[in-house]
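Structure first, commentary second.
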Amino acid sequence: MNTYVNKEKLEPATFAGGCFWCVESDFEKADGVVEVVPGYSGGHVKNPTYKDVSSGGTGHLEVVQVHYNPDTITYKALLDIFWRHVDPTDPGGQFADRGPQYRTAIFYHTQEQRHAAEASKKELDASGKFEQPVATEIIKFSEFYEAETYHQNYYKKNPIRYKMYRMGSGRDRFLDAAWGKSDGEASKKPLKEKYTRPSDEDLRKRLSELQYKVTQHEGTEPPFNNEYWKNKAEGIYVDIVSGEPLFSSTDKFASGTGWPSFTRPLVSGNVIEKEDRKFFKVRTEARSKQGDSHLGHVFPDGPEPTGLRYCINSASLRFIPKDQLEAEGYGEYRRLFQE
């Protein structure tokens, strides 16, 4: 968690995912998240206490307020973290914690957050990841009440009791079953260690001259003369440098530009967007999270459902056909191509 940042640049995001000890712990692991504060939102009682909220009579939910640096992590990436650490299909609570105060919700602070949350929820529902519909509510943010001091950083101050609670709650068993070992608290290998950037020496040996120029020096390959611009096969595209999953053929479309174009990333947290002021104009650059590879740019002229066009260099990508996903270690994405 990066604390060396001008706090005036931070933006808030508020999520309810059951026990706020667990949700605080999960969000604090993300690069770009500066502070996570447990508290209460969504109710009708002023200055509620934990005892008031846990009774279920105030209308509040246990929430965390995430203060993040948008230059490092996007709101879309925060949404992806949220979905991967809750059971979004449970309307009656989360895991061992039952009652309306423990249900899941996304509290939006701006209309941009609202639209992003609605699109993200719709995408998850349509993915078929869960048999039951997504029950998470999307609610306009009104007030936030900070929880009592002993709830702040509980997982750090009481590590043994926290570990016992989390293990007994069933949260990690559900997350491991739904997303695989890399996403839960019980994971032996954090996601950011699974996909890493090799040394520059290794990259010079592995990559072609064009691949190195594009990924390491923000180069651009020629349009209509690259490997994937008209590839119509089903499968996913991963970072040529790190191997992290970036895009799916299910979101690829013919943009007419001569470069592979996608409406959205396969895993939003793996694609970082940064302001690019080169060549006397402002554009949005797309880079991979773990490999830090230059991928291309994002433009607001794409088709529905996002209205975005991720214009990506083929030289930044490696394509994995759907029938090779298991063999290559990406079996979890096979579901995208099941009829």
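No value in this document is a laboratory result; all are computed from the given coordinates. Predicted model, so just to flag it, every value in this text is computed and none were measured. Note: ideal-geometry Cβ built from the backbone for every residue, glycine included; neighbour counts use all protein chains shown.
Tabulated data
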{"item": "Around Asp276: net Lys/Arg minus Asp/Glu count, Cβ-Cβ under 12 Å", "result": "+2"}
{"item": "Ranking of Phe247, Phe253 by count of other Cβ atoms within 10 Å, fewest first", "result": "Phe253, Phe247"}
{"item": "Region 200-337, dipole about Cα centre (Lys/Arg Cβ +1, Asp/Glu Cβ -1), debye to the nearest 20", "result": "300"}
{"item": "Spatial separation of Cα centroids for region 195-245 and region 275-339, in angstrom", "result": "11"}
{"item": "Environment charge at His297 (Cβ cut-off 12 Å; Lys +1, Arg +1, Asp -1, Glu -1)", "result": "0"}
{"item": "Over the chain, equivalent-ellipsoid semi-axes from the Cα gyration tensor in Å", "result": "37, 21, 20"}
{"item": "Ranked list, fewest to most other Cβ atoms within 10 Å of each Cβ, for Leu61, Leu325", "result": "Leu325, Leu61"}
{"item": "Radius 11 Å from Cβ of Lys76, net charge of other residues (Lys, Arg +1; Asp, Glu -1)", "result": "-3"}
{"item": "Relative contact order of the chain, defined on C-alpha pairs under 8 angstrom at six or more residues apart (%)", "result": "14"}
{"item": "Dipole of the chain [Lys/Arg +1, Asp/Glu -1 at C-beta], most positive-end residue of Pro70, Gln290, Ser248", "result": "Gln290"}
{"item": "Relative contact order (%) - region 7-193, alpha-carbon pairs under 8 angstrom, separation at least six", "result": "26"}
{"item": "Mean residue ellipticity (222 nm) of the chain, computed from DSSP H runs ≥ 4 via -39,500 (n - 2.57), nearest 500", "result": "-7000 deg cm²/dmol"}
{"item": "Lys, Arg +1 and Asp, Glu -1 on Cβ, resulting dipole of region 7-193 about Cα centre, debye, nearest 20", "result": "460"}
{"item": "Computed lengthening from Lys157 to Glu11, 0.36 nm per intervening residue step minus Cα-Cα distance", "result": "49.9 nm"}
{"item": "Length added when fully stretched, Ala96-Glu326, from 0.36 nm per residue minus Cα-Cα", "result": "79.5 nm"}
{"item": "Inter-site label distance for Asn47 and Ala233 at 7 Å from Cα along Cβ, in nm", "result": "6.5"}
